[in-house]
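The values are calculated or read from the model by the stated rules, or taken from the named source; none is laboratory data. Given the structure is predicted, the values throughout are model-derived calculations rather than measurements. Glycine gets a Cβ as well: all are built from the backbone with ideal geometry, and neighbour counts include every protein chain shown. Heads up: the accessible areas ignore ligands, DNA and RNA and are worked out on the full protein's heavy atoms, side chains in. Shrake-Rupley method; radii C 1.70, N 1.55, O 1.52, S 1.80 Å.
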Amino acid sequence: MTMPFATHQFSDSTVASDREQLVANVAKMVEALHPTHGHDQALELGRRLAAARQRHNELDEKSLELPDRSHVASSIFDDAMHHEYDREWALRQSLSFERAESCAGAAIQVAESLIALDMIWDQFPRESETFDVKQDYRRLNRLLFSVLRFLKQEAADELGDCIDDTFRDPWFSAEEATAQHETWLEKHELERQARIARKNAAR
């Protein structure tokens, strides 16, 4: 006995609708695998924090170049630096109330965790710094820097200069850390000389 085959009629509109639905589903899958960073508030705050930190440093360096007799200008620069300092800490507080939505945002928050850890350590009573406490502090540094290293590699393009480059990473050897510090000093000296050259050229 031959079984009858079911026949289906597909209209052009049905095929087009199914195709559009398939394209939409694929787009959602791609977005889930590679989320965009446009709405990551942690990343946005990290960028604003980096800009405030950079501005604070610029004001500090420029204030050192002021003539000794310029007391008014010195006071103006000091006030501006204090405002940028307040901006930094307001952004740091805001950053702690956001959930990271990307590797870049997560890297920024881990870096902030390291800063917070150092601040707590600096306030820790010296008489309470036992061997075990110091060992735990070093352990936390290794753990956090391990995560930060991975996230920075994954999100290098998005991060830019968001993360301070003065961190002392325990995963570097002593030789690597020394060489990195020398490179940092040379970079900032070149930047300082470039600013002086621009200033002299503008006169």
Of the convex hull enclosing the alpha-carbon atoms of segment 44-203, the direction-averaged projected area in nm² is 12.5 nm²
Per-residue accessible area, 1.4 Å probe, largest first, puts Trp89, Trp121 in the order Trp89, Trp121
In nanometres, the difference between 0.36 nm per residue of separation and the alpha-carbon distance of Lys62 and His181 is 40.5 nm
In Å³ per residue, the alpha-carbon convex hull of segment 87-167 encloses 107 Å³
Between Glu191 and Ala51, the FRET efficiency computed from the C-beta separation at R0 = 25 Å comes out, to the nearest 0.05, as 0.95
Descending packing, highest mean Cβ count within 10 Å first, for 79-85, 170-176, 137-143 is 79-85, 137-143, 170-176
Rounded to 0.05, the calculated FRET efficiency for the beta carbons of Asp79 and Ser17 at R₀ = 45 Å is 0.10
Among Val110, Ala100, Ser128, the residue whose Cα sits farthest towards the positive end of the charge dipole of segment 57-185 (+1 at Cβ of Lys and Arg, -1 at Cβ of Asp and Glu, taken about the Cα centre) is Ser128
